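Written below as structure tokens is the structure these notes are about.
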Amino acid sequence: MKRVMEIHGLTMDFGGLRAIDHLDLEVREREILALIGPNGAGKTTLFNCMTGIYTPSEGSMIISPPGKKPETIRGLKPNIVTRKGITRTFQNIRLFPNMTVLENVMIGRHCRTRSRIAGALFRGKTTIREEQATVEYSYHILEKIGLAKYVNDFAGILPYGAQRLLEIARALATEPFLLLLDEPAAGMNPQETGELDELISRIREEEKISILLIEHDMRFVMSISDRIAVMDYGKKIAEGTPEEIRSNQAVIKAYLGEEFVA
Amino acid sequence: MQKLSEIKKSLLVSFWFMFLTFPIMVIRVNPIEKIVQWRWRNLLLVGMGSFILSFVWRYMIRQKESGMKKTGADDLQSMPLIDRVRKEQRLYIPILVVLSVFGILFPFIFSVYQVNIMTTALMYVVLGLGLNIVVGLAGLLDLGYVAFYAVGAYTYGLINHHFGLGFWAVLPAGAFMGALFGIFLGFPVLRLRGDYLAIVTLGFGEIIRLVLENWNDFSFGPSGIANIERPSFFGMQLSLQNATIYIYFLMIALALFTVFVVNRLQNSRIGRAWVALREDEIACQSMGIDKTKTKLSAFALGATWAGMMGVFFAAKTTFINPASFTFLESAIILSIVVLGGMGSIAGVIIGAFVLILLPEYLRAFSDYRMLLFGAILVIMMVFRPQGIISNVRRTYKFKGTNIHGDQNK
Ligand SMILES: Nc1ncnc2c1ncn2[C@@H]1O[C@H](COP(=O)(O)OP(=O)(O)OP(=O)(O)O)[C@@H](O)[C@H]1O
Ligand SMILES: [Mg+2]
């Protein structure tokens, strides 16, 4: 199957601490790949490297968006990476609390629109049309995600689960080919987690994109992902289908400790 | 029972105040006649005053807290007047009509002195709206805003002095110079945030003032530039009274223009980017917004307005020197933005009128002006920290959907 992103020998040092240690990972077209690992394994740091928030100390990251030439994204600024088609959500929610829900999603459209200051002042035909398209596109996403009833509410007052969904909606508005979700089910109740499961599968089908997600809820991970990669102390210790991972000795050791290994 | 304990607390406060103010309010030493006067009456006044104030203060705090408890109670009656006006759109038009009639008749009813004060207030409206782009929308705490104001003023002062160019010719140049300095300052401070940014901009403001004060050959130092031309009226020079009225209407036009521009900007693609930057810088970048460009554009646009008002200021007063551009000026403009409500146009306008007109008309109490100024700000911060008008964002309507809460509180 075609790969949309390839990571080779990725290393990230913070002073003396090696948060990621020569990690190799590939993301395939239209797959749901889960990234799991104990706390502090370096999962979020990997996302930060992939989205340009950190520049990795070593290693390469090559993207091959469908229908485009492969290129490296190492050293690009976060906003450029987003424009190239990788977007993310955050482990600790980072919405724009004093903007409306719709506006939050409209921000996601920023990199796909072009009107400038002069356009805003004179409000010519192109600007008006673009602005309308932005509003409609964003509203459409909210409908898909099931947040349409909140359109004009401030993002900061939404219930917790809705805030997590809004982060996904906002990320989708940038039209990514690869969506990174950092613990999307964290803090959700079982019912919400069930709905999220469905939503993520639906996004994959409808948007035809790849999804890489970090998650601690094992039941959720096992049911949703095509493949799972496991990290511990910055290294990838296992990779495979949910069945393979379930019976992998190294994974059991990392999660439960030496004594549980058969 | 609760009442009683409140009274007790207020009594305590009043005793405390009597004790604290005893040395200054009660004892007076007369060094000439070498006697000590005991003004017991003052003690009584302080005691009563602080008791009443403390009681009222506590009462207001209680009101505020009980008001917060019953959130969701959306009935118009319980809302502060200002929010009610905003919600009831039918009040808009009558209010606007009354305001514009008043605005047009104002210079013909009132004295030149009053018209001058009103013009000044309008200038601060525009300055506040300009700074509002930087602080209110983009969330960049700029304490050196007055520097750009100075740049504009000196642009006109110097060009007029050396080349004799008039107001209208230099107005765009002043705005342009403001923008240029905005970018010039913007670049080095792009990486800074919050307090650090505030300190650097504060320093920048002072540097500009000190340069103007000390570079005699260039800026004529502390003595400033005099005899700057007033704005001409189709090439005619007007009498002082007519010139005042003319400048007043000019200022109204400029203020309206500014409101128009800021309003269009804040609900545009770029305006949303500013607000997103204010709300969360990392998320903002991760959503594909270029942080550098966005910050620079906010800085440059804010400075453009300061530059423009600088030209206007020079033309209005016909005399400028560095003393007009001290930190206090930046602080007042910033207070206007904070008091009015960060990011709200109507809030900034009201804030400017309150902060500029109130001290003008309180000249009778000029000794206590600063005290009152401070008290208003403190009271605002306690009872309405979001400013006179709280954060307003545009709402959108969609066909076939039942919009949940179509106005934001
Ligand atoms: N900016 C930073 N500076 C220094 N150390 C960091 C930084 N960011 C992360 N780390 C360290 O890198 C390691 C990996 O952190 P990371 O947040 O990637 O873990 P994680 O796998 O996402 O854990 P969790 O499941 O708890 O979210 C941790 O030891 C963390 O302390
Ligand atoms: Mg993490």
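Residue by residue, here is whether (1) open to solvent by 20 Å² or more (accessible area, probe 1.4 Å); (2) under 20 Å from A:I93 (Cβ atoms); (3) assigned by TED's automatic domain parsing to the domain that holds B:W168 holds:
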site: B:F249; (1), (2), (3): yes, no, yes
site: B:N263; (1), (2), (3): yes, no, yes
site: B:A276; (1), (2), (3): no, yes, yes
site: B:C284; (1), (2), (3): no, yes, yes
site: B:T294; (1), (2), (3): no, no, yes
site: B:L301; (1), (2), (3): yes, no, yes
site: B:G307; (1), (2), (3): no, no, yes
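Of the residues B:N160, B:N214, only one is at pLDDT 90 or above and in contact with an Asp or Glu (Cβ under 8 Å, 6 or more places away or on another chain); which?
B:N160
Would you check if B:I320 is within 13 Å of another protein chain (Cβ to nearest Cβ) and at pLDDT 90 or above? Write out each step before concluding.
Details: within 13 Å of another protein chain (Cβ to nearest Cβ): no; at pLDDT 90 or above: yes.
No.
Which one of these does A:I209 not meet: (1) under 21 Å from the mean Cα position of the chain (by Cα); (2) away from chain B (no Cβ under 14 Å); (3) within 16 Å of ligand 2 (Cβ to nearest atom); (4) open to solvent by less than 60 Å² (accessible area, probe 1.4 Å)?
Only one criterion is unmet by A:I209, namely (3).
Can you confirm whether A:I20 is outside any helix (DSSP H, G or I), under 24 Å from A:K77 (Cβ atoms), open to solvent by 10 Å² or more (accessible area, probe 1.4 Å) and within 16 Å of ligand 2 (Cβ to nearest atom)? Don't jump to the end; show me each part of the working.
Numbers: outside any helix (DSSP H, G or I): yes; under 24 Å from A:K77 (Cβ atoms): yes; open to solvent by 10 Å² or more (accessible area, probe 1.4 Å): no; within 16 Å of ligand 2 (Cβ to nearest atom): yes.
No; evaluated as a whole, the condition is false for this residue.
Whether any residue in region A:169-177 is open to solvent by 10 Å² or more (accessible area, probe 1.4 Å), farther than 24 Å from B:R272 by Cα and more than 10 Å from every other protein chain (Cβ to nearest Cβ) is what I want to check.
Checked region A:169-177: at least one residue is open to solvent by 10 Å² or more (accessible area, probe 1.4 Å), farther than 24 Å from B:R272 by Cα and more than 10 Å from every other protein chain (Cβ to nearest Cβ).
Give the residue, chosen from A:G240, A:G187, that is on the phi > 0 side of the Ramachandran plot and within 16 Å of ligand 1 (Cβ to nearest atom). Don't jump to the end; show me each part of the working.
Values: A:G240 fails: within 16 Å of ligand 1 (Cβ to nearest atom).
Answer to the selection: A:G187.
Residues that are under 17 Å from the mean Cα position of the chain (by Cα), at least 1 per element: which helices (runs of 4 or more DSSP H) completely within region A:116-175 meet that? Can you show your working first?
On the way: elements: A:117-122, A:125-145, A:160-172.
So the answer is A:125-145, A:160-172.
Residue under question is A:I117, and the condition is that it be closer than 22 Å to B:T395 by Cβ, of a type in the set (A, V, I, L, M) and surrounded by fewer than 19 Cβ atoms within 10 Å (Cβ to Cβ); does it hold? Before you say what the answer is, go through the steps one by one.
Details: closer than 22 Å to B:T395 by Cβ: no; of a type in the set (A, V, I, L, M): yes; surrounded by fewer than 19 Cβ atoms within 10 Å (Cβ to Cβ): yes.
Answer is no for this residue.
Hey, A:T100 hits all of (1) away from every other protein chain (no Cβ under 12 Å); (2) buried (at least 18 other Cβ atoms within 10 Å of the Cβ); (3) of a type in the set (V, I, T) but one; which does it fall short on?
(1)
Condition test on A:V135, is it open to solvent by less than 10 Å² (accessible area, probe 1.4 Å), within 11 Å of chain B (Cβ to nearest Cβ) and β-branched (V, I, T)?
On the way: open to solvent by less than 10 Å² (accessible area, probe 1.4 Å): no; within 11 Å of chain B (Cβ to nearest Cβ): yes; β-branched (V, I, T): yes.
So A:V135 does not fit the description; no.
Provide a single number: the residues in region A:75-95 that are touching a Ser or Thr at 6+ places or on another chain (Cβ under 7 Å) and either surrounded by 17 or more Cβ atoms within 10 Å (Cβ to Cβ) or of a type in the set (S, T, Y) (or both).
Step one: filter region A:75-95 for residues touching a Ser or Thr at 6+ places or on another chain (Cβ under 7 Å), giving A:75, A:78, A:81-82, A:86-88, A:91.
Checking which are either surrounded by 17 or more Cβ atoms within 10 Å (Cβ to Cβ) or of a type in the set (S, T, Y) (or both) leaves us with A:78, A:81-82, A:86-88.
Adding up the residues that qualify gives 6.
Kindly establish whether B:A306 is in a helix (DSSP H, G or I), aliphatic (A, V, I, L, M) and at the interface with another protein chain (Cβ under 9 Å from one of its Cβ atoms). Lay out the reasoning, then the answer.
Details: in a helix (DSSP H, G or I): yes; aliphatic (A, V, I, L, M): yes; at the interface with another protein chain (Cβ under 9 Å from one of its Cβ atoms): no.
So B:A306 fails the test.
Within region A:30-58, which residues are over 21 Å from A:S225 (Cβ atoms) and either open to solvent by 30 Å² or more (accessible area, probe 1.4 Å) or more than 14 Å from chain B (Cβ to nearest Cβ) (or both)?
Once the filter is applied, which keeps residues that are over 21 Å from A:S225 (Cβ atoms) and either open to solvent by 30 Å² or more (accessible area, probe 1.4 Å) or more than 14 Å from chain B (Cβ to nearest Cβ) (or both), region A:30-58 yields A:G40, A:I53, A:Y54, A:T55, A:P56, A:S57, A:E58.
Which of the residues belonging to region A:59-97 are touching a residue at least 24 places away in the same chain (Cβ under 8 Å), more than 9 Å from chain B (Cβ to nearest Cβ) and in a strand (DSSP E or B)?
A:G59, A:S60, A:M61, A:I62, A:I63, A:I86
If we keep just the residues of region A:24-47 that are part of a loop (DSSP other than H, G, I, E, B) and away from ligand 2 (no atom under 16 Å from the Cβ), which is nearest to A:A185 (Cα to Cα)? Can you show your working first?
First, the residues of region A:24-47 that are part of a loop (DSSP other than H, G, I, E, B): A:29-31, A:37-42.
Imposing the further condition that a residue be away from ligand 2 (no atom under 16 Å from the Cβ) reduces the set to A:29-31.
Details: A:E29: 23, A:R30: 20, A:E31: 19 Å.
My answer is A:E31.
Is at least one residue of region A:69-80 away from ligand 1 (no atom under 16 Å from the Cβ), under 30 Å from A:A254 (Cβ atoms) and not acidic (D, E)? Let's see the steps before the verdict.
Let us first name the residues in region A:69-80 that are away from ligand 1 (no atom under 16 Å from the Cβ), namely A:69-77, A:79-80.
Cutting the leftovers down to under 30 Å from A:A254 (Cβ atoms) gives us A:73-74.
Imposing the further condition that a residue be not acidic (D, E) reduces the set to A:73-74.
There is at least one residue in region A:69-80 that is away from ligand 1 (no atom under 16 Å from the Cβ), under 30 Å from A:A254 (Cβ atoms) and not acidic (D, E).
Given the conditions (1) touching a helix residue (DSSP H, G or I) at 6+ places or on another chain (Cβ under 8 Å); (2) under 22 Å from A:I228 (Cα atoms); (3) within 16 Å of ligand 2 (Cβ to nearest atom), report the number of the one that A:M61 does not fulfil.
Failed condition: (3).
What number goes with the only condition from (1) assigned to a strand (DSSP E or B); (2) within 13 Å of ligand 1 (Cβ to nearest atom) that A:H216 does not pass?
Of the numbered conditions (1) assigned to a strand (DSSP E or B); (2) within 13 Å of ligand 1 (Cβ to nearest atom), the odd one out for A:H216 is (1).
The values are calculated or read from the model by the stated rules, or taken from the named source; none is laboratory data. Remember, predicted model here, so these are calculated numbers, not experimental data. Please note: Cβ atoms are built from the backbone with ideal geometry, for glycine as well, and neighbour counts cover all protein chains shown. Note: accessible area is taken over every heavy atom of the protein model, side chains too, but ligands, DNA and RNA are not part of it. Shrake-Rupley method; radii C 1.70, N 1.55, O 1.52, S 1.80 Å.
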